[in-house]
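To start, the structure itself, in structure tokens.
The values are calculated or read from the model by the stated rules, or taken from the named source; none is laboratory data. Quick caveat: nothing in here was measured; it's all calculated off a predicted structure. Backbone-built Cβ (ideal geometry, glycine too); neighbour counts: all protein chains shown. Each accessible area value is taken on the protein alone, full model and side chains, heavy atoms only, with ligands, DNA and RNA left out. Shrake-Rupley method; radii C 1.70, N 1.55, O 1.52, S 1.80 Å.
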Amino acid sequence: MSEQSHPAADLPGQPVSRALRPVVLGAVAEAQRRGAPLVEAEHLLLALSADGGTQVRAALAEAGLDHEGLVAVLAAERAASLRVAGVTPPSEDRLAAARRVSRPRWGASAKEALVRAHRVTVARRRQRAAEVDLLAALFGLELGTVPRALTLAGVDRDAVLARALRAA
């Protein structure tokens with residue numbers, strides 16, 4: 001497999017830990033299904049909700065953020081953002097993009113989340129990043145779609161993360 005075709009080829013810094021590889025691949029698939037040109041933080045969160053470990057999925061589901069719930073929260077965030085910009089949100093069927101043939105590149109928010117996950121891992125003195133580290137990194141983002149969506153949905157990030165950490 002060439003470096004360019006590898007899903008994690010253009011990620012920053014250190015290699016992705018084995019524990020996060022299924023989530024990284026799931027995020028690429030999420031972006032492709034949505035016709036996105038970039039894999040962003042929301043795709044990582046969607047992948048955690050669908051493909052993450054039991055403790056992370058359970059913590060997210062308890063907060064109403066199972067995969068379907070998260071899709072709804074992200075759609076509500078998109079609609080709210082459009083309304084703030086003075087644009088009437090189009091219907092979901094008009095937003096459907098043509099399926100992407102090429103692999104999407106890594107966007108700034110996903111790269112930032114993965115770098116933050118590595119920092120969390122180092123701070124916890126572990127060798128490899130775990131899914132709960134990625135969840136902490138995603139919930140620690142202050143700007144972008146993920147924090148806006150979680151705020152709009154009234155998600156208590158600290159409580160969700162604490163539940164995931166207890167179960168880990």
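Odds and ends about this structure:
- Filtered residue count, the stretch 36-47, keeping only those that are assigned to a loop (DSSP other than H, G, I, E, B) and open to solvent by less than 20 Å² (accessible area, probe 1.4 Å): 1
- Meets criteria (in a helix (DSSP H, G or I) and farther than 15 Å from residue 154 by Cα) for residue 73: no
- Candidates 113, 72, 58, 98: the one that is open to solvent by 40 Å² or more (accessible area, probe 1.4 Å) and either modelled with pLDDT of 85 or more or touching a helix residue (DSSP H, G or I) at 6+ places or on another chain (Cβ under 6 Å) (or both) is 72.
- Residue satisfying all of: in the stretch 48-70; outside any helix (DSSP H, G or I) and under 15 Å from the mean Cα position of the chain (by Cα); nearest to residue 166 (Cα to Cα) among these: 53
Yes or no, residue by residue, for (1) open to solvent by 30 Å² or more (accessible area, probe 1.4 Å); (2) modelled with pLDDT under 95:
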| position | (1), (2) |
| --- | --- |
| 118 | yes, yes |
| 127 | yes, yes |
| 131 | no, yes |
| 138 | no, no |
| 149 | no, no |
| 165 | yes, yes |
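- Verdict on residue 134 being over 18 Å from residue 40 (Cα atoms) and under 15 Å from the mean Cα position of the chain (by Cα): no
- Filtering the stretch 139-164 to residues that are in a helix (DSSP H, G or I) and under 12 Å from residue 60 (Cα atoms) leaves 139, 150, 157, 158, 159, 160, 161, 162, 163, 164.
- Here residue 38 meets each of (1) modelled with pLDDT of 90 or more; (2) within 21 Å of residue 119 (Cα to Cα); (3) aliphatic (A, V, I, L, M) with one exception, condition (2).
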